1. Consider a paramagnetic label point 7 Å from the Cα of Asn133 along Cα→Cβ; state which residues of the stretch 28-44 have an amide N under 20 Å from it.
2. Taking the Cβ of each residue in Ile73, Ile125, Ile45 as the centre, tally the other Cβ atoms inside 10 Å and list the residues starting with the fewest.
3. Percent of Cα-Cα pairs more than 13 Å apart in the stretch 20-88, please.
4. For the stretch 85-139, what does the convex hull of the Cα positions come to per residue, in cubic angstrom?
5. Want the number for Ser143 to Thr27: 0.36 nm per residue separation, take away the alpha-carbon distance, what's left?
6. So what does the Cα-only Debye profile of the stretch 22-145 read at q = 0.12 Å⁻¹, as log10 I(q)/I(0), no solvent term?
7. Putting +1 on Lys and Arg Cβ atoms and -1 on Asp and Glu Cβ atoms, find which of Gly129, Asn66, Leu158 reaches farthest to the positive end of the dipole of the stretch 23-177.
Amino acid sequence: MKRFVLCVLCLMFGGLTNATAETNRFTARNSTYGVLGYMEFDSSIFDGTAVQFVANDLMLSLDFTNPTNSFHISTIGPSGKGTYFDSTGSLPSVLAGFGQQGGTSFSDQVAIVVGSGFGDPSFLILGNGTGNNLFSDVTWSASVVAAIPEPETYAMLLTGLGLMGFVARRRKNKRPA
């Protein structure tokens, strides 16, 4: 029985340590409108190359709001399209976009547009439901977001604690009076 309890404890803490993968959040800011939105990627997808393409299907989340009419986009765009990054630094930086980042149609999109050169994504197109708004002077900053454990991790933790309580109660009831 001790082995069983030890195995449950190992599984519980193993599940908790697996939930600590870093997430990189790339936030787009505009000189006029402030924060326009963000997109998040798991840090493990960056391989250290100077120019790396990351497809939308590797994105964890995307959340942009058009500041002129509050049209909200939080859907991830099609695979085969995505973002170019410089992944050589401790926090990768956005280099350019490759088409639609999110939205339900071509007009409802988030797209990074290369400005004066490949390494200057100074424009951002935000869909507004009926057309697009082009925002210039966009700066991208990356930050690390603390990982939040998945619901399965909490379920496993509670199951383990419940099993330990059951075993302890059973042992208490079996003791002779």
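Throughout, read-outs are computed from the coordinates displayed, never taken from laboratory work. Model, not experiment: these values are computed from the prediction. For neighbour counting, all protein chains shown are included, and Cβ atoms are generated from backbone atoms with ideal geometry for every residue, glycine included.
1. In the stretch 28-44, the label zone of Asn133 (backbone N under 20 Å from the point 7 Å along Cα→Cβ) covers 28-39.
2. Ile45, Ile125, Ile73
3. Tail of P(r) above 13 Å: 68 percent of Cα pairs.
4. It is 79 Å³ per residue.
5. 41.0 nm
6. -0.37
7. Checked the options; the winner is Leu158.
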